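Novice: I am attaching a structure below and will ask some questions about it afterwards.
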Amino acid sequence: MAFFLPRGLRCGQLGARCFSQRPRFSLVVDGMEICRHSTGLSGAFQRHRWPEGDVFGPKHFEGLRAALTRHGELRKGYVCAQKGTRWTPRDLQGLELISVPRRAGGKDPNDIAISLEAARLVFQENVDAIALAAADLDFLYLVEVLQRHGARVLVLLPRQCNAGVARAFRETAEVEWFSFAEEAERQPKKKMLLSSKRCSSVFEDLKAEDFDHGEVGLEMMDQLRAMLLDWGYLEDQTQALLPAVAKFAVLHELEDFPLWPKSLAYTQLAKVISKHGVWKRNDHRLIFVLPCGPATASKKWLEACGSSKAVSYVRAGGAFLLRESEAVALEVLQRLGYYGDMNEDLSEAIDIFASMKSNDQALQVSGLSIKPHFSVHRKMALLHAALVSPRVHGEWHIAPGDDLARRFLVARGLLAGGQGADRKEVWRALESFLEQSELPRPRSYNAAVKQLNLLLSSEDPSSRSPRVPRVDPPRQRSPRAVHGEPKSGQRLADDDGRLRGEGWWDRFEREDSGRTDLGL
């Protein structure tokens, strides 16, 4: 979000007079993905605000307005949202909707729209003060450029913002915090406890007393970082803090150490360090792995875990640490479900690992890239380098789940054993379906599951997921030739061969919505 000063005047020209009157803000917002929207505003001590990072929507607007009014008044707002968004005037709360078309691949157009609009306001309309509501470091450069050209920049951050992001913005511009009404509802209900003896973790219910630790302030975070840096657990101030905390806990044999939510880990570490003991230096032999599962969840999952992040961690089984060795990359692949048990092709296992969205992003952060045409030895070396890289946070996505594939195969009558069938039966049904559809036959179970998942997923260009290869038959055929005669009222495929329609899909979607087993 961004706020701006009156037209034709700059802070350098106005001096103290700029801020002697109550400023009127313009607001620009990049909204949350699940609502498929973004937002913004503009005015006479003009300022604009732009929330970014897939976290802001109608429920945040009141909190953002409250934070804004601590510095001035809101005059007008604009919402930069992907084309086809369905926000009502009530959702927009007086903001003007700007539709931003999204095409497959490439940079997020909302990010581009925000940067272009901020530049236009400063350079064409002589806006002098901008407030940016963004929890995304991609906008640091924008902040620096605007300040270099004489604009005053205020950054609005949510109270649960990542400490590293907050620090980076705080070193560059003014920072103001905001909260929103539903924050309490999104609190996790599970905590992750790390066992230093087993180097693994378990989940327990969060208790009321767990929240008596108070807020984790930026000053505390800076002190922890300085000490961990001095003891060798961090190499510089920009590295992720949680892997360093986990390694400290294991080396000092801190049993049942609360590792997540992160605020618990940081406050517990501060308590331990305050005892003024003798602390070991990092031996640089531990590798931290925090497996992540799907973050999308049913109401049952959210009721049990409290937040989508908690659902993701619980589904994946919790964090663990390994001693570095020649076989550590293979062990990580096994524990994340990519290798072994009908996934014996090591090269394809690494390809599936690297193709997962969050894993690919982590590899890019570490400056590495694993391509399918690389030799298996090169792939293993690159994976090992990524696991030990100090740049990554240790979060790696588990192998693709087969739940969607099972429900589809059951709905198509290809899986006699039902959704509880063993993997071998599912594998045979997958092979049969892929062969009927004239799709390439994968060499592993995970590859077959992912191929079917891609086929069943819509190719919506408004999706923020990375572009994935389309899995279509090599030549267009009649849907009946591929799938047989559909039953009355059931449309198995469109004329272009894509699987969709109201029959099998709606049936297993209804079945899934009625599930009560959380698998916890």
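Novice: Are there any pairs with C-beta distances below 6 angstrom linking a residue in the range 401-418 that is in contact (Cβ under 8 Å) with a residue 24 or more places away in the chain to a residue that is among the β-branched types (Val, Ile, Thr) and open to solvent by less than 30 Å² (accessible area, probe 1.4 Å), with the two at least 6 apart or on different chains, and if so which?
Specialist: The qualifying pairs are Asp402/Val449; Ala405/Val449.
Novice: Another question, if that's okay. Looking at the range 114-125, is at least one residue out of contact with any Phe, Trp or Tyr (no Cβ under 6 Å at 6 or more places or on another chain), at positive phi and modelled with pLDDT of 75 or more? Quick ask: steps written out before the conclusion?
Specialist: Our first condition is that a residue be out of contact with any Phe, Trp or Tyr (no Cβ under 6 Å at 6 or more places or on another chain); within the range 114-125, this holds for 115-120, 122-125.
With at positive phi added as a condition, the list becomes none.
No: the range 114-125 contains no residue that is out of contact with any Phe, Trp or Tyr (no Cβ under 6 Å at 6 or more places or on another chain), at positive phi and modelled with pLDDT of 75 or more.
Novice: Just to confirm my filter: which helices (runs of 4 or more DSSP H) fall fully inside the range 107-208 and include at least 1 residues that are open to solvent by 30 Å² or more (accessible area, probe 1.4 Å) and more than 24 Å from Ser263 (Cβ to Cβ)?
Specialist: On the way: elements: 109-123, 140-148, 163-170.
Qualifying helices (runs of 4 or more DSSP H): 109-123, 140-148.
Novice: Taking the range 221-280 on its own, how many of its residues are of a type in the set (S, T, N, Q) and within 18 Å of Val165 (Cα to Cα)?
Specialist: 5
Novice: Moving on. Output the residues belonging to the range 263-294 that are within 17 Å of Ala240 (Cβ to Cβ), among the hydrophobic types (A, V, I, L, M, F, W, C) and in a helix (DSSP H, G or I).
Specialist: Leu264, Ala265, Leu269, listed by residue number.
Novice: Right, here's the next one. Answer yes or no: is there a residue in the range 389-406 that is over 24 Å from Arg285 (Cβ atoms), among the aliphatic types (A, V, I, L, M) and over 29 Å from the mean Cα position of the chain (by Cα).
Specialist: No.
Novice: For Glu326, work out the one condition from (1) surrounded by fewer than 16 Cβ atoms within 10 Å (Cβ to Cβ); (2) modelled with pLDDT under 90; (3) within 22 Å of Lys247 (Cβ to Cβ) it doesn't fulfil.
Specialist: Of the numbered conditions (1) surrounded by fewer than 16 Cβ atoms within 10 Å (Cβ to Cβ); (2) modelled with pLDDT under 90; (3) within 22 Å of Lys247 (Cβ to Cβ), the odd one out for Glu326 is (2).
Novice: Kindly evaluate Leu74 against the criterion of being outside any helix (DSSP H, G or I), surrounded by 18 or more Cβ atoms within 10 Å (Cβ to Cβ) and at pLDDT 80 or above. Talk me through it step by step, then tell me what you get.
Specialist: Details: outside any helix (DSSP H, G or I): yes; surrounded by 18 or more Cβ atoms within 10 Å (Cβ to Cβ): yes; at pLDDT 80 or above: no.
Judged against the criteria, Leu74 is not a match.
Novice: Let me ask another. Let me confirm something: among Ala304, Ala297, which residue is part of a helix (DSSP H, G or I) and either open to solvent by less than 50 Å² (accessible area, probe 1.4 Å) or farther than 30 Å from Asn453 by Cβ (or both)?
Specialist: Checking each option against the conditions leaves just Ala304.
Novice: Which of the residues that make up the range 307-319 are open to solvent by 10 Å² or more (accessible area, probe 1.4 Å) and within 20 Å of Lys247 (Cβ to Cβ)?
Specialist: If the condition is that a residue be open to solvent by 10 Å² or more (accessible area, probe 1.4 Å) and within 20 Å of Lys247 (Cβ to Cβ), then Ala316, Gly317 are the ones that fit.
Novice: Checking Lys247 against (1) of a type in the set (Lys, Arg); (2) more than 18 Å from Phe169 (Cα to Cα); (3) open to solvent by less than 20 Å² (accessible area, probe 1.4 Å), which single condition isn't satisfied?
Specialist: The one condition Lys247 does not meet is (3).
Novice: Next question, about the same structure. Given the structure, is Leu264 free of Cβ contacts under 8 Å to residues at least 12 places away in the same chain and either of a type in the set (Ser, Thr, Tyr) or surrounded by 14 or more Cβ atoms within 10 Å (Cβ to Cβ) (or both)?
Specialist: The answer is no for Leu264.
Novice: Additional query: From Leu218, Leu224, which residue is surrounded by fewer than 19 Cβ atoms within 10 Å (Cβ to Cβ) and either out of contact with any His (no Cβ under 9 Å at 6 or more places or on another chain) or not charged (D, E, K, R) (or both)? Let's see the steps before the verdict.
Specialist: Numbers: Leu224 fails: surrounded by fewer than 19 Cβ atoms within 10 Å (Cβ to Cβ).
Checking each option against the conditions leaves just Leu218.
The values are calculated or read from the model by the stated rules, or taken from the named source; none is laboratory data. Model, not experiment: these values are computed from the prediction. When we count neighbours, we look across all protein chains shown, and the Cβ atoms used for this are built from the backbone with ideal geometry, even at glycine. For accessibility, only protein heavy atoms count, side chains too; no ligands or nucleic acids. Shrake-Rupley method; radii C 1.70, N 1.55, O 1.52, S 1.80 Å.
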